[in-house]
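Note sheet for the following structure.
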Amino acid sequence: MLAYRHAFHAGNHADVLKHITLTLVLRYMNQKDKSYRLIDTHAGAGGYSLEGQYAQKKGEYLQGVARLWDRDPAELPEAVADYMARVREFNPEGQLEQYPGSPAFAKMLLRAQDQLRLYELHPTDHRILEAFLGSVKGAEVKDTDGFDGLKSQVPPSSRRAVVLMDPSYEGHGDYSKVIASLREAIARFPEGVYMAWYPQVSKLEAAQLPRRLEGLAPKGWLHARLTVQQPDSQGFGLAGSGMFILNPPYTLHDQLLAVLPYLTEVLGQYDGANYLLEQKAA
């Protein structure tokens with residue numbers, strides 16, 4: 001959706017869950033020397049100013065990454081500490097002024113032999129992303145639809161790939177497009193690791209998405225959800241978010257189990273804050 005700008009939401013609780021999970025998956029992939037390809041179907045601008053008008057308008061990062069910034073790294077769960085180390089790397093002046101998007105996490109974590117494929121339709125965000133990563137070896141930035149483009153990226157010659165699909169879900173038919181795009185990609189390359197982020201909102205499509213994704217899994221799945229606040233009096237608002245991983249690393253469940261109770265406590269905004277972690281092994 002071309003009207004959507006992630007800059008309004010950068011660093012919020014949903015970004016924290018998404019990027020901790022992404023970091024864990026990429027760390028796992030890096031354990032083998034063989035290269036892999038990361039495909040980000042809705043990449044955004046790559047990084048975001050938290051002092052700019054977009055982030056300041058709603059201040060969502062204050063209830064997300066900012067709640068972790070001043071905590072002693074030695075007291076954080078290992079995966080949270082690793083995530084926050086990347087956020088600090090993106091803020092070399094020592095102040096929380098910028099937030100790294102998924103492409104920035106990829107730039108920090110991928111190795112010289114790995115490949116990065118980024119899709120972004122918004123013309124402004126695409127220009128920023130191109131300037132940020134366009135000259136990086138192994139990276140390609142495309143201004144075409146990531147839903148459609150995914151099928152051309154799998155399988156890579158290395159037979160190793162990670163896909164991150166996190167659309168705004170504000171575009172027409174986004175929920176169905178997630179299913180259709182992933183189904184086609186999995187048919188071409190069942191061995192890939194496919195990660196789908198989704199918002200926890202008062203929409204039937206959002207509630208049904210995890211069960212629909214289960215039906216795509218050729219080799220098992222993992223579902224993590226973090227609920228931090230209640231919808232408003234009219235049922236609107238982002239109560240939380242989820243990550244659904246098809247073909248997850250075998251280590252991911254226990255790693256998230258060590259993280260989610262902590263995030264629930266630190267990021268929760270009401271007494272009913274909670275998490276869900278479920279999986280089906282291959």
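Side notes on the structure shown:
- Selection over region 160-185 of residues that are closer than 24 Å to Ala282 by Cα, assigned to a helix (DSSP H, G or I) and touching a Leu at 6+ places or on another chain (Cβ under 8 Å) gives a count of 7.
- The lone exception for Gly46 - which of (1) on the phi > 0 side of the Ramachandran plot; (2) over 17 Å from the mean Cα position of the chain (by Cα) it fails: (2)
- Any pair with Cβ under 9 angstrom, 6 or more apart, that starts in region 84-107 at a residue that is among the β-branched types (Val, Ile, Thr) and ends at one that is assigned to a strand (DSSP E or B): Val87/Gln98; Val87/Tyr99; Val87/Pro100
This table checks each residue for (1) out of contact with any Ser or Thr (no Cβ under 8 Å at 6 or more places or on another chain); (2) at pLDDT below 95; (3) not aromatic (Phe, Trp, Tyr).
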site	(1), (2), (3)
Met1	no, yes, yes
Ala7	no, yes, yes
Gly11	yes, no, yes
Val16	yes, no, yes
Met29	yes, no, yes
Tyr48	yes, yes, no
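- For region 136-149, the criterion of being farther than 30 Å from Lys177 by Cβ and in a loop (DSSP other than H, G, I, E, B) is met by at least one residue.
- Selection count where residues are free of Cβ contacts under 8 Å to residues at least 12 places away in the same chain and either small (Gly, Ala, Ser) or touching a Gly at 6+ places or on another chain (Cβ under 9 Å) (or both), scope region 68-83: 2
- Gly242 being small (Gly, Ala, Ser) and either at positive phi or surrounded by fewer than 23 Cβ atoms within 10 Å (Cβ to Cβ) (or both): no
- The listed residue being touching a residue at least 60 places away in the same chain (Cβ under 8 Å) and surrounded by 15 or more Cβ atoms within 10 Å (Cβ to Cβ), out of Pro210, Pro249: Pro249
- Candidate set from region 186-241 (those that are of a type in the set (Phe, Trp, Tyr) and outside any loop (DSSP other than H, G, I, E, B)); member that is farthest from Val162 (Cα to Cα): Tyr198
- A single entry from Gln200, Gln229 fulfils the requirement of being surrounded by 20 or more Cβ atoms within 10 Å (Cβ to Cβ), more than 24 Å from Asp114 (Cα to Cα) and either in contact (Cβ under 8 Å) with a residue 12 or more places away in the chain or touching a Ser or Thr at 6+ places or on another chain (Cβ under 7 Å) (or both): Gln200.
- Set side by side, the residues Ala258, Ala281 differ, and just one is among the hydrophobic types (A, V, I, L, M, F, W, C) and at pLDDT below 95, which is Ala281.
- Pick from region 252-282, criterion of a type in the set (S, T, N, Q) and touching a residue at least 60 places away in the same chain (Cβ under 8 Å), ranking: surrounded by the fewest Cβ atoms within 10 Å (Cβ to Cβ): Gln269
- Apart from one condition, Gly149 fits all of (1) touching a Phe, Trp or Tyr at 6+ places or on another chain (Cβ under 7 Å); (2) small (Gly, Ala, Ser); (3) within 20 Å of Arg27 (Cα to Cα); the exception is (3).
- Filter result for Glu60 (farther than 19 Å from Gln115 by Cα, without any contact (Cβ under 8 Å) to a residue 60 or more places away in the chain and under 18 Å from the mean Cα position of the chain (by Cα)): yes
- The residue of region 83-121 that is farthest from the chain's Cα centre (by Cα), among those that are crowded, with 21+ Cβ neighbours inside 10 Å and part of a loop (DSSP other than H, G, I, E, B), is Asp114.
- Residue in region 225-237 that is acidic (Asp, Glu) and at pLDDT 95 or above present: no
The values are calculated or read from the model by the stated rules, or taken from the named source; none is laboratory data. Predicted model only: the values in this text are computed from it and were never measured. Every residue, glycine among them, receives a Cβ derived from its backbone with ideal geometry; neighbour counts consider all protein chains shown.
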